[in-house]
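The structure appears right after this line, and notes come after that.
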Amino acid sequence: MIVVFGSINLDIFFRCGRLPRTGETLLCDEAETAPGGKGANQALAAARDGARVHMAGAVGRDPFADEALGLLSAEGVDLSALARSRRPTACATIAVLPNGENAIIVGSGANLDARADLVSDDPLTPATWLLLQMEVPYAENWALIGRAKRRGVKVLLNLAPAGPVPDEALRGTDLLVVNEVEAEQILSARDAGGNLRKGLAELAADHALTVVMTLGAQGLEAFTADGDAFALPAPRIRAVDTTAAGDCFCGVLAAALQRGATLREALQRAVVAASLCCTRAGAQTSLPQSVEIDRALAELGRNGAGR
C-alpha cells in the first residue's frame with residue numbers, strides 16, 4: 001500500500017502567451033478547472049500505475065471539494081482519512097505558457113488543517129510507502145515521519161515547494177526528491193563549497209538516505225547513502241504543459257518501489273511517466289495509465305534509452 005499525506009486542490013488553468021507584468025490585467029481566451037494539489041496528484045499517479053493508495057488530507061465543505069476529489073474517488077483511491085475543514089478547499093491558479101512552462105499561486109485553505117493523526121496506525125506497515133510533500137503544515141509531516149519509522153514504513157519526501165527540513169526528519173526519510181531549486185535551498189545551510197552535486201552526495205551519506213534531483217528535460221541524478229551516484233536521461237518529447245510532472249514522477253516512483261522494483265528500474269519508470277505527463281494539458285487529467293507507461297518504456301528500449 002501507498003499512504004499519501006498531503007494537499008488537495010482545485011486548479012484553475014489560464015493558457016497565456018506570456019505572464020502579466022505588475023499592475024497589468026492580461027486577458028486569456030478562457031479558463032478551465034481540474035482537480036489538483038501535489039498530494040492528490042501523487043496519489044492518483046500511483047493509483048493509475050496500479051498501486052493501492054490511501055489518501056489523507058483536508059478539503060472544505062464547499063462545492064470545490066467534490067470536483068477536487070472527483071478523479072481520486074473514480075479511480076479507487078481510499079478517501080476514508082479525509083477531514084472536512086471550515087476553511088475553503090485549496091485553490092491554485094496556474095498560468096501555462098506556450099512552451100509548457102507554468103507559474104502557480106496556491107491559496108492553501110483547508111490544506112492548513114491537514115493533520116498527521118488523520119492517518120491511523122493500521123496502514124502503516126513495513127510493506128507501506130509513505131509519500132509526503134510540502135503543501136501542508138510542515139510539523140504534521142515531521143510527526144508522521146516519526147510515527148512511520150517506528151512502524152517500519154518507508155518514507156518518500158518530495159521537497160516541493162521547498163522548505164526547511166529538520167535533521168531528525170531527514171534521518172527518518174528513505175528517499176528525498178528535489179528539483180534544482182529545492183536542492184539549492186536544502187543545501188543552503190550546509191557548506192558544500194558551491195558544488196550542488198557534492199552537497200547532495202554528502203546529504204545522502206550523512207542521513208543514510210537516497211537523494212534524487214530531477215532535471216526536467218535532462219532527466220535526473222541520484223545519490224545513494226553508500227556513495228553510488230548515477231544519472232538517467234529523459235525521453236525526447238514536445239512539452240505541452242509541465243504541470244504535475246513532478247507529482248507524476250513521485251507517485252509512479254513510489255508505486256514501482258512498493259511493487260519491488262530496484263531503485264534504477266523505479267526511477268526509469270518514473271521519468272518516462274513524467275515525460276508522458278508533459279505531453280498533455282492539465283494536472284490530474286495528464287497523468288498516464290500503467291499500460292501507457294509500459295508502452296513508452298518498451299518504445300524507449302527499442303530506440304535506445306535516453307536523449
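FYI, it's all coordinate maths here, none of it is from the lab. Only a predicted model underlies this, so the values are computations on that prediction, with no experimental measurement involved. So basically every Cβ, Gly included, is an ideal-geometry build from the backbone, and we count neighbours across all protein chains shown.
Modelled spin-label separation between Ala239 and Arg171, with each label point placed 7 Å from Cα along the Cα-to-Cβ direction: 3.8 nm.
Take the Cα of Ala261, step 7 Å toward its Cβ, do the same at Val291, and the gap between the two points is 1.9 nm. If only the Cβ of Lys and Arg carry +1 and only the Cβ of Asp and Glu carry -1, the dipole of segment 1-159 around its Cα centre is close to 620 debye. Multiplying the residue separation of Ser188 and Ser120 by 0.36 nm and subtracting their alpha-carbon distance yields 21.0 nm.
Annotation: the antiparallel percentage among DSSP beta bridges lying fully within segment 14-141 is about 50. Seen through its C-alpha gyration tensor, with square-root eigenvalues sorted a ≥ b ≥ c, segment 111-198 comes out prolate because a/c lies at 1.5 or above while a/b is bigger than b/c. If you take all other residues with their beta carbon under 12 Å from the beta carbon of Leu131, and give Lys and Arg +1 and Asp and Glu -1, the sum is 0.
What the phi angles of segment 25-31 give under the Karplus curve with 6.51, -1.76 and 1.60, with θ = phi - 60°, is a coupling list of 9, 10, 8, 10, 5, 6, 10 Hz, glycine and proline written as x.
Proximity of backbone amide H atoms, modeled 1.01 Å from N, is registered between Asn9 and Gly36, Gly37, Ala40 at under 5 Å, excluding neighbours fewer than 5 places apart on the same chain.
Considering only His207, Tyr138, Ile94, and ranking their Cα positions along the charge dipole of the chain that arises from unit charges at the beta-carbon of Lys, Arg, Asp and Glu, the one farthest toward the positive end is His207.
Among Met1, Met55, a tally of other beta-carbon atoms within 10 Å of each Cβ gives an order, fewest to most, of Met1, Met55.
Under a Gaussian network description of the chain, with springs only between Cα atoms under 10 Å, the residue in Leu297, Leu157, Leu132 that fluctuates furthest is Leu297.
Annotation: the antiparallel percentage among DSSP beta bridges lying fully within the chain is about 40.
Taking amide hydrogens as placed 1.01 Å from N in the peptide plane, the amide H of Ala160 sits under 5 Å from those of Met134, each at least 5 positions away in sequence or on another chain. By the gyration tensor of its Cα atoms, with a ≥ b ≥ c the square roots of the eigenvalues, what is the shape of segment 143-276: rounded for a/c under 1.5, prolate for a/b over b/c, or oblate? In terms of gyration-tensor shape, oblate. Using θ = phi - 60° in the Karplus curve 6.51 cos²θ - 1.76 cosθ + 1.60, the 3J(HN,Hα) couplings for segment 35-40 round to x, x, x, 4, x, 5 Hz; x is entered for Gly and Pro. Sort segment 209-303 into rounded, prolate or oblate with this rule: let a ≥ b ≥ c be the square roots of the eigenvalues of the Cα gyration tensor; rounded if a/c is under 1.5, and if a/c is not under 1.5, prolate when a/b is larger than b/c, oblate otherwise. Prolate is the answer for segment 209-303, as a/c is 1.5 or above and a/b outweighs b/c.
When the chain is modelled as a GNM with alpha-carbon springs shorter than 10 Å, which of Pro20, Pro137, Pro166 fluctuates the most? Answer for the Gaussian network model of the chain: Pro20.
Proximity of backbone amide H atoms, modeled 1.01 Å from N, is registered between Glu32 and Phe13 at under 5 Å, excluding neighbours fewer than 5 places apart on the same chain.
Per-residue ellipticity at 222 nm computed for the chain from its helices equals -10500 deg cm²/dmol, with DSSP H segments shorter than 4 residues left out and the rest contributing -39,500 (n - 2.57).
For segment 201-209, 3J(HN,Hα) computed residue by residue from phi via the Karplus equation (6.51, -1.76, 1.60; θ = phi - 60°) reads 5, 5, 4, 4, 5, 5, 10, 6, 9 Hz, glycine and proline entered as x.
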